[in-house]
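The values are calculated or read from the model by the stated rules, or taken from the named source; none is laboratory data. None of the values given here were measured: they were computed from a predicted structure. For the accessible areas, the whole protein counts, side chains as well, though only heavy atoms, and no ligand, DNA or RNA atoms are used. Shrake-Rupley method; radii C 1.70, N 1.55, O 1.52, S 1.80 Å.
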Amino acid sequence: MASFQRFFPILLTRSGRLKKRSVIMMTITRLIPIVAGFMVLLSVLLTHYVHPNWVYLTIFVGINLFQSGITGFCPLATILKKLGFPQ
């Protein structure tokens with residue numbers, strides 16, 4: 001089975017029948033690296049194409065990842081908890 005199939009709730013099997021699959025929940029522990037990686041890529045693109053001062057966003061994300069790894073406190077996790085995302 002292809003790895004992309006786990007993201008689709010209804011799939012066709014080899015026999016042509018529809019089969020319902022469970023959808024993967026986006027938990028806080030999965031969302032944090034996704035958002036951090038997106039922010040780093042976005043800030044690198046903005047630094048290159050818009051203005052060099054966007055590099056400070058990359059530095060901010062890196063420092064935030066470093067401090068959350070040491071202290072265990074992540075501001076993004078707090079925001080996502082208040083928005084109702086599952087842990």
Fill in: Full-extension gain in nm, T71 to F38, via 0.36 nm per residue minus C-alpha separation
9.6 nm
Worksheet item: Round to a whole number: what % of the accessible area of the stretch 33-87 belongs to carbon and sulfur, probe 1.4 Å?
Response: 76
